[in-house]
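Notes to accompany the following structure.
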Amino acid sequence: PGKDLRKLELVEPYARRFRELYAAGEDLSPALRGVQLMLEDFRISVFAPELGAASRVSTSDLEAQFALLEAPRG
């Protein structure tokens, strides 16, 4: 259980950010859908790397994509 909890602590901040963007009225735009797919691949790589994710996703990749989505528009 401790090992899974540490893995969850790595994934959950990104899952929360995704849920917040989606709940804030951000429609499932192609950019947000892309982050969702990245997050799924990241989750697989953390919890079940033996399955092999469709693409390699790092925390810095996720940070960069969230920064684009969370940037002020104007």
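Of note:
- Computed about the Cα centre, the dipole magnitude for the chain is approximately 80 debye when only Lys and Arg (+1) and Asp and Glu (-1) carry charge, each at its Cβ.
- Over all pairs of different C-alpha atoms, the chain has a mean inverse distance whose reciprocal, the Kirkwood radius, equals 12.9 Å.
- Rolling a 1.4 Å probe over the heavy atoms of the protein chains gives the stretch 13-74 an accessible area of 65 Å² per residue.
- Mean sequence separation of contacting Cα pairs (under 8 Å, at least six apart), scaled by the length of the chain, corresponds to a relative contact order of 30 percent.
- For the stretch 11-25, 3J(HN,Hα) per residue [Karplus equation, 6.51 cos²θ - 1.76 cosθ + 1.60, θ = phi - 60°, Hz, x = Gly/Pro]: 8, 4, x, 6, 5, 5, 4, 4, 4, 5, 5, 5, 5, 6, x
- Estimated FRET transfer efficiency (R56, E20; beta-carbon r; R0 35 Å; 0.05): 0.90
- Rounded to the nearest 500, the 222 nm mean residue ellipticity of the chain from helices alone is -23500 deg cm²/dmol, with -39,500 (n - 2.57) taken per DSSP H run of at least 4 residues.
- Each of S29, G2, F18 was scored by the projection of its Cα onto the charge dipole of the stretch 1-40, and the greatest displacement toward the positive side belongs to G2; charges sit on the C-beta of Lys, Arg, Asp and Glu.
The values are calculated or read from the model by the stated rules, or taken from the named source; none is laboratory data. Here the structure is a predicted model, which is why all the values come from computation and not from measurement. Because the Cβ atoms are built from the backbone with ideal geometry, glycine has one as well, and the counts that use them run over all protein chains shown. These accessible areas exclude ligands, DNA and RNA; they are computed on the full protein's heavy atoms, side chains included. Shrake-Rupley method; radii C 1.70, N 1.55, O 1.52, S 1.80 Å.
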